[in-house]
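Note sheet for the following structure.
The values are calculated or read from the model by the stated rules, or taken from the named source; none is laboratory data. Everything numeric here is computed off the predicted structure, so don't read it as measured data. Remember, those area values only see protein heavy atoms, side chains included, never the ligands or the DNA or RNA. Shrake-Rupley method; radii C 1.70, N 1.55, O 1.52, S 1.80 Å.
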Amino acid sequence: MSVVILAAAAFSIIFVGGFGVFLAEHGHPGANITQFSDAVWWAVVTLATVGYGDYYPVTAVGRIIAIFMIISGVGIFALMVATFAKRRLQKAESKLGSVTKPDLNLLGQETKTAIKTKVDGIETLTEEDFDTLIVEIKSLRLTLLNGSKILKCPRCEIVYRNKPKFCSNCGLALVIT
């Protein structure tokens, strides 16, 4: 929607600026913008910040309009680039988010419920129940770790679990083990 708004703003600035320059220039001696089509062409070229120089305003009013057209062209171009960059970044983040989000359904619901129940009632646990809870949490940790791939730098012996492509210590390319 923002691209449509920027395009509408650009077209309205082209026609309003072109019409203003046409009114200021068409009757002035020595002016080279004497037709409305020339004024619209000048406005498009000026808003696009190309500035061919084939048409240009010679009156003070025409030059003031030209200043606003140039500033508007730079602003619209910057907003357009920022809008496209924002959209591309959002698409990349959504793709990356779906890849990096952990799978919370890795364990069975009964295991999750058993651990949650014991944690909720931790004050009333006996020593034996507490030991059982620790074992269940350790098994949960191992299950989650086994689901991830472990990378180890052969040069530094640093272990990575977040799957980087290169070792942060020595820069060597990492191989999945």
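Note on surface exposure: Leu79, Leu174 rank Leu79, Leu174 by accessible area, highest first, 1.4 Å probe.
In the range 1-78, one over the average inverse separation of all distinct C-alpha pairs is 12.3 Å, which is the Kirkwood hydrodynamic radius. Ile5 sits with roughly 110 Å² accessible to a 1.4 Å probe, with DNA, RNA and ligands left out of the calculation. The length gained by stretching the chain between Lys95 and Ala173 to full extension, at 0.36 nm per residue less their Cα-Cα distance, is 25.7 nm.
Separation of the range 116-131 and the range 26-96, taken as the distance between their Cα centroids, equals 71 angstrom. Using a probe of 1.4 Å, the accessible surface attributed to Phe77 totals some 140 Å² when neighbouring protein chains are kept in position.
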